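Comments concern the structure below.
Where a number appears in this text, it was derived from the coordinates with a stated rule and is not lab data. Keep in mind it's a predicted model, so treat the numbers as computed, not measured. Cβ: placed from backbone, ideal geometry, glycine included. Neighbour counts: every protein chain shown.
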Amino acid sequence: MTVPPSSSSATAAPAAAQAPALSRGLAAALVLAAAVACIVVVALVLPSARTDPYTRQTLSLQGSVEHGALLFRLNCAGCHGIAAQGLVGPDLHGVAERKNQRQLIQQVVSGRTPPMPRFQPEPQAMADLLAYLNGLV
């Protein structure tokens with residue numbers, strides 16, 4: 001009498017072969033979902049930064065280093081030092097090499113790094129402050 005092969009051994013091999021394929025498909029789907037999420041974030045965040053009227057207006061103005069230095073001494077030197085050498089706040093020499101102009105404006109305006117307070121001067125004053133910061137090498 002012959003015994004037919006058991007159904008469990010016949011289906012075990014195809015199921016084992018399907019597991020890696022399923023895993024690869026899931027990984028590909030997760031990578032695709034992450035890429036789409038990144039594209040959505042970039043598409044939503046970057047245009048709003050470029051269309052911010054305050055930033056746009058500030059960047060369109062010519063800043064005065066002298067007036068920027070005065071603004072710095074009055075508003076920033078208490079934490080960053082009279083020569084921008086850093087005290088409570090960081091040393092700002094070379095800051096324009098570490099951050100672009102939009103990032104500098106957002107850092108000053110948002111105060112997102114405690115204990116830095118929010119500070120939003122008029123666009124011309126911000127342009128002056130940027131001119132001063134750009135000169136700190």
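The length gained on full extension between L74 and L32, counted as 0.36 nm times the residue separation minus their Cα-Cα distance, comes to 10.1 nm. The modelled label-to-label distance for the pair K99/Q120, using points 7 Å beyond Cα in the direction of Cβ, is 1.6 nm.
With R₀ set to 35 Å, the beta-carbon distance separating R112 from V137 gives a calculated FRET efficiency near 0.90.
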